[in-house]
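The values are calculated or read from the model by the stated rules, or taken from the named source; none is laboratory data. Note that the structure is a prediction, hence the values are computed from the model and not measured. No Cβ is skipped: glycine too gets one built from the backbone with ideal geometry, and neighbour counts run over all protein chains shown. Remember, those area values only see protein heavy atoms, side chains included, never the ligands or the DNA or RNA. Shrake-Rupley method; radii C 1.70, N 1.55, O 1.52, S 1.80 Å.
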Amino acid sequence: MSEQSPHDGGCIFCRIIAGEIPCQKIIENQNILCFLDIGPVVVGHSLVIPKRHIRNIFDMPSEVAAAVAYELPALARAICAAVEAPACHILLNSGIEAMQSVHHAHYHIIPRKSDDSFFVPWRPGKLETQEAHNLISKIQKNYENMDEGLSA
Ligand code: AMP
Ligand code: ZN
């Protein structure tokens with residue numbers, strides 16, 4: 001995974017950060033920008049983005065992940081309180097197959113209420129023991145071999 005420049009002129013979220021495209025800004029600091037989603041699935045649907053152009057979770061250095069995650073609890077509390085929602089999803093789509101459409105990493109904060117209209121289809125399968133063991137050993141090997149360069 002290659003080192004990326006802080007900004008990408010063709011990226012809509014980098015252009016929002018640069019002030020070239022307007023957004024409904026909630027909070028900004030040196031690391032992150034939080035703004036209302038232009039196509040909210042529920043009232044209060046917001047996005048939190050790193051100011052550095054990072055495509056998705058696979059390319060995200062740990063310190064960028066930490067800086068964004070640091071802000072999530074207070075933002076989730078503030079947003080959900082504003083719309084009187086007792087619950088929320090924090091969602092980071094990474095890759096086209098996972099429905100990522102804007103390729104600048106962003107966490108969705110989606111407030112939830114018992115009577116809202118948002119629906120997440122989630123059909124649990126069954127975890128087979130042998131399959132689980134094989135999978136875990138693969139993941140552990142991959143994890144041990146991870147580049148350490150990402151957090152540079
Ligand atoms: P995703 O499918 O996870 O990549 O989500 C991209 C999100 O960005 C969608 O929910 C869009 O509605 C939102 N979005 C795209 N362009 C803008 C924009 N200019 N301002 C605010 N939100 C946007
Ligand atoms: Zn970008």
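Loop-located GluC sites (Glu not before Pro) in region 56-152 (DSSP state other than H, G, I, E, B) with a sparse environment of at most 16 neighbouring Cβ atoms within 10 Å: 84, 128, 148. Per residue, the accessible area of the chain comes to 68 Å², computed with a 1.4 Å probe over protein heavy atoms only. Surface listing: 115, 8 arranged by accessible area from highest to lowest gives 115, 8, probe 1.4 Å.
Across all directions, the shadow cast by the convex hull of region 12-124 built on its C-alpha atoms averages 7.6 square nanometres. Rounded to the nearest 20, the size of the Cβ-charge dipole of the chain about its Cα centre is 280 debye, with Lys and Arg at +1 and Asp and Glu at -1. Loop-located chymotrypsin sites (Phe, Trp or Tyr not before Pro) in region 46-140 (DSSP state not H, G, I, E or B) with no more than 13 neighbouring Cβ atoms inside 10 Å: 118, 119, 122. Take every Cα pair under 8 Å whose residues are at least 6 apart in sequence, average their separation, divide by the length of the chain, and the relative contact order is 24 percent. Per-residue ellipticity at 222 nm computed for the chain from its helices equals -9000 deg cm²/dmol, with DSSP H segments shorter than 4 residues left out and the rest contributing -39,500 (n - 2.57).
Surface composition of region 64-141: carbon plus sulfur atoms hold 61% of the accessible area, using a 1.4 angstrom probe and ignoring ligands, DNA and RNA. Per-residue accessible area (protein heavy atoms, 1.4 Å probe) orders 23, 34 as 23, 34, starting from the largest.
Amide H contacts of residue 26 (H built 1.01 Å from N, in plane; Pro and chain starts excluded): 34, 35, 36 sit under 5 Å, all sequence-distant by 5 or more or on other chains.
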